[in-house]
Amino acid sequence: MKNFEYVRPTTVPEAIAAAAKPGAVYLASGTNLLDLMKGGITRPDRLVDVTRLPGLDRIEHLPDGSLRIGALVRNADLAHDSGFARSYPAVAEALLSGASAQLRNAATVGGNLLQRTRCGYFYDTASACNKRAPGTGCDARGGENRLHAVLGWSEACIATHPSDFCVPLVALDAVVEIEGRGGRREIALEAFYRLPGDTPERENLLEPGDLIVALRLPAEARTFAAHARYLKVRERTSYAFAVVSAAAALRVEAGKIRQARLALGGVAAKPWRARAAEETLAGADPTPAAFRRAAEAALADAKPSGDNLFKIELARRIIVRAFTLAAAGTPARIAALPASPFASVSGALQDA
Ligand code: SF4
């Protein structure tokens with residue numbers, strides 16, 4: 001492994017100054033970064049350890065009804081916070097469907113947002129990869145690509161974003177709070193991620209030194225709590241990234257859908273908000289036919305990037321199933337197999 005400098009600042013301004021230098025990266029729990037370093041995929045000159053920065057591990061209820069989640073809150077702590085799971089059940093379900101219990105105990109909210117794609121060619125330094133080494137090509141094109149993107153991809157890169165957590169966050173209009181050399185700014189999580197275009201190595205809007213300090217869920221996000229689910233299809237029941245996933249949420253009044261939210265995982269380089277699908281459901285009855293129309297709208301622009309045509313039909317079916325589960329009502333407890341397609345449609349309670 002390449003030698004690197006390790007620094008542990010005690011304040012956010014110190015951290016930003018230390019990370020603004022070329023070759024510097026932030027280190028939180030390192031559940032992705034350390035693997036990337038061991039494999040020679042990422043070769044930083046300096047690690048800026050943010051784990052001791054004060055005040056970034058809090059969950060705060062703000063006066064405007066929004067929830068502020070510090071970037072160093074652990075995934076498991078957030079998912080098992082009973083107040084959080086009651087108000088944002090699809091987010092808790094997504095958190096519990098990700099990684100393993102050990103990883104969830106260590107991984108942080110901020111780090112989850114910044115994890116890198118699991119494209120196998122990205123992790124293989126003998127392969128051409130425009131994301132790892134810009135301008136070298138993309139061995140996934142024409143290679144093993146059945147799990148790659150069907151929306152928003154480019155000739156330069158067809159990778160997908162691996163996070164479960166970010167999918168319901170995008171559906172619920174989460175905002176990222178960033179501290180940088182120019183002060184504090186906020187960006188909608190949906191806009192925070194970039195599509196690959198000609199520069200797949202640039203995955204988000206962060207500038208050198210920028211530090212994610214918190215995530216915020218707006219007050220409106222809680223209004224979907226009674227009808228919200230996250231559904232994930234993966235190649236084995238636990239500890240696998242999504243082939244396709246969907247976060248579906250409904251606000252139902254007098255038997256009609258007042259508002260719908262939908263975002264997809266495993267289909268693009270970013271969590272994919274499906275606004276056209278949401279619009280088809282406004283004012284509709286919560287019926288299978290309505291959910292099928294929404295699914296068609298969500299995938300209208302999809303096209304295979306390789307051997308992955310099946311993902312388009314799979315995504316349609318996952319959307320219908322996720323909305324059907326959401327319409328049936330959020331279970332009082334998250335199922336033993338969180339976000340599983342085997343979850344009960346009835347919303348019946350199952351032991352966690
Ligand atoms: Fe690299 Fe993207 Fe191609 Fe994968 S799909 S090899 S990450 S350029």
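The values are calculated or read from the model by the stated rules, or taken from the named source; none is laboratory data. The structure presented is a predicted model; accordingly, all values stated were derived computationally and were not measured. Every residue, glycine as well, gets a Cβ built from its backbone with ideal geometry; the counts of neighbours run over all protein chains shown. When the accessible area is computed, the model is the full protein with side chains, heavy atoms only, and any ligands, DNA or RNA have been set aside. Shrake-Rupley method; radii C 1.70, N 1.55, O 1.52, S 1.80 Å.
Values computed for the structure shown
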item	result
q = 0.10, 0.23 Å⁻¹: log10 I(q)/I(0) that the Debye formula gives for segment 118-220, counting C-alpha atoms only	-0.34, -1.17
Percent of Cα pairs exceeding the 14 Å cut-off, where the set is segment 76-133	62 percent
Volume per residue that the Cα convex hull of segment 1-53 spans, once the total is divided by residue count, Å³	61 Å³
Too-long pairs where the Cα-Cα distance tops 30 Å, listed order kept, from Lys131/Lys303; Lys38/Lys303; Lys2/Lys232; Lys131/Lys311	Lys38/Lys303; Lys2/Lys232
Percent carbon-and-sulfur accessible area, segment 143-216, ignoring ligands, DNA and RNA, probe 1.4 Å	47 percent
Relative packing of peptides 122-129, 7-14 - highest average C-beta neighbours within 10 Å first	122-129, 7-14
Three-way shape label, segment 1-139, alpha-carbon gyration tensor, a/c 1.5	oblate
Counting all C-alpha pairs of segment 282-325, share separated by more than 12 Å (%)	59 percent
Cα pair distances exceeding 31 angstrom across the chain, given as percent	31 percent
Cα-centre dipole for segment 1-53 with unit charges at Cβ (Lys and Arg positive, Asp and Glu negative), debye to 20	80 debye
Solvent-accessible area per residue for the chain (1.4 angstrom probe, square angstrom)	43 Å²
Carbon + sulfur, % of accessible area of segment 225-328 - ligands and nucleic acids excluded, 1.4 Å	52 percent
Accessible heavy-atom area order of Tyr121, Tyr230, Tyr239, highest first, probe of 1.4 Å	Tyr239, Tyr121, Tyr230
Whole-number percent relative contact order across the chain, with pairs defined as alpha carbons under 8 Å at least 6 apart	17 percent
Whole-percent carbon and sulfur share, accessible surface of segment 1-53, 1.4 Å	53 percent
Farthest toward positive dipole pole in the chain [+1 Lys/Arg, -1 Asp/Glu at C-beta], among Ser245, Ala269, Ala221	Ser245
About the Cα centre, charge dipole magnitude for the chain (Lys/Arg +1, Asp/Glu -1 at Cβ), debye	380 debye
Extent along principal axes [Cα atoms of segment 225-328; Å; largest to smallest]	43, 29, 22
